[in-house]
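Report on the following structure.
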Amino acid sequence: MAFFSRLIIAAAAGGWAFVAATLPAAAQDFPRQAIQVVVPMPAGGPSDTVVRLLQRATQKDLPHPMVVVNMAGAGTSLGSRKVATSPADGYTLLMNHEGLFTSSAQGIFSMGLDSLRPVAMTGLDVYTVTVQASSPYRTLADLYKAARSKGVNAGVNIGGLNHLTSILVGRADSVEFQPVPYRGNADALSALLGGHIDVIFSPPSDVAGYIETGDLRILAVLGSKRIASLPDVPTAIELGYDVVSELSHMWWVPAGTPDEVVATLARILQKGFEDDVVRKAFEDRRVERVFLAGDDLQARVDKNSAMIQGLVKELGLGK
């Protein structure tokens, strides 16, 4: 990782063009064939959308366009296992978010995080605390007060990221939300719109259309700072509640992939990430534009995976 860290520092100082010139010949020849990107979720979701945007943006820098394969199942572990068991040559990538950490912590992805290596993070979705527009809860403080006095029902996917987020948000003010299980965000969103539950914890892209039509209201965003697409919505931290929950769009390769190949992949992804069309699409889809690689990315992975593993163990959600 020390070599890759130096590459990241060099890139920040002088651009990726300098980095490419310093790579060994074998790495400069990479890639020579199509790169397969496995998305362990159905088509159309936040991470799938990010992959397909980067797929188009990187075409001019690759001998062949990336091939995107959706391989949903078993809490994202089916696709994760496919990549972890592939040759460590850089030609098979995984796009996965913190769902990888939950499936690993729960023993669903039994190979564990050590079987994969992070390459880059290309954006993130910040979770929101969202209620019906007609809800009596006008602020996050109102929601906490109701949770104490009469209870608040939260639509969640048990063991999923929105479930863990609901627990973290509750703990920020020493309350518990009553979990109502749904298979996914779409089902929970429908239940909220129908008035069957009180609150959901969801990325902005899931609820933006209903915010614009006046059907839903966001009480707070769960980022470390306000997000560009919702500049008037406060963070929970601003409101005095120490909780952050974000969905990081991360690219992975099998463990053992050479540093030089990882650096080349990160360079290609960063160049695509800076594309004007991608930039505009991220804004339209309310994806926060944050790029990480190298030690900064590894630190984020270590921190978030440890937090999720501890929470899963505490809740008894693992195998």
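Here are a few things to note about the model shown:
- Test: residue in region 303-311 that is under 26 Å from residue 36 (Cα atoms) and assigned by TED's automatic domain parsing to the domain that holds residue 107: yes
- Here the condition is being without any contact (Cβ under 8 Å) to a residue 40 or more places away in the chain, among the β-branched types (Val, Ile, Thr), out of contact with any Ser or Thr (no Cβ under 6 Å at 6 or more places or on another chain) and surrounded by 16 or more Cβ atoms within 10 Å (Cβ to Cβ); of 126, 68, it holds for 68 alone.
- Restricting attention to region 84-94 and to residues that are surrounded by fewer than 23 Cβ atoms within 10 Å (Cβ to Cβ) and not acidic (Asp, Glu), the residue that is farthest from residue 264 (Cα to Cα) turns out to be 85.
- Filtered by the rule that a residue be among the small types (Gly, Ala, Ser) and either surrounded by fewer than 18 Cβ atoms within 10 Å (Cβ to Cβ) or assigned to a helix (DSSP H, G or I) (or both), region 223-274 gives 224, 228, 240, 255, 256, 263, 266, 272.
- Note on region 147-166: among residues that are surrounded by fewer than 18 Cβ atoms within 10 Å (Cβ to Cβ) and at pLDDT 95 or above, the one that is nearest to residue 108 (Cα to Cα) is 153.
- Among the residues here, residue 310 qualifies as under 27 Å from residue 108 (Cα atoms) and exposed (fewer than 14 other Cβ atoms within 10 Å of the Cβ).
- The one condition from (1) touching a residue at least 60 places away in the same chain (Cβ under 8 Å); (2) farther than 23 Å from residue 315 by Cα; (3) more than 19 Å from the chain's Cα centre (by Cα) that residue 82 does not meet is (1).
- Enumeration of residues in region 145-170 that are in a helix (DSSP H, G or I) and either aliphatic (A, V, I, L, M) or over 26 Å from the mean Cα position of the chain (by Cα) (or both): 145, 146, 147, 148, 149, 161, 164, 167, 168, 169
- Residue in region 279-287 that is surrounded by 14 or more Cβ atoms within 10 Å (Cβ to Cβ), over 21 Å from residue 37 (Cβ atoms) and more than 17 Å from the chain's Cα centre (by Cα) present: no
- Residue that is β-branched (Val, Ile, Thr), at pLDDT 90 or above, farther than 22 Å from residue 298 by Cα and out of contact with any Lys or Arg (no Cβ under 8 Å at 6 or more places or on another chain), where the choices are 69, 51, 83, 39: 69
- Among the residues of region 182-222, not one is over 30 Å from residue 242 (Cβ atoms) and part of a strand (DSSP E or B).
The values are calculated or read from the model by the stated rules, or taken from the named source; none is laboratory data. Model, not experiment: these values are computed from the prediction. All Cβ positions, even for glycine, are placed from backbone atoms using ideal geometry, and neighbour counts span all protein chains on display.
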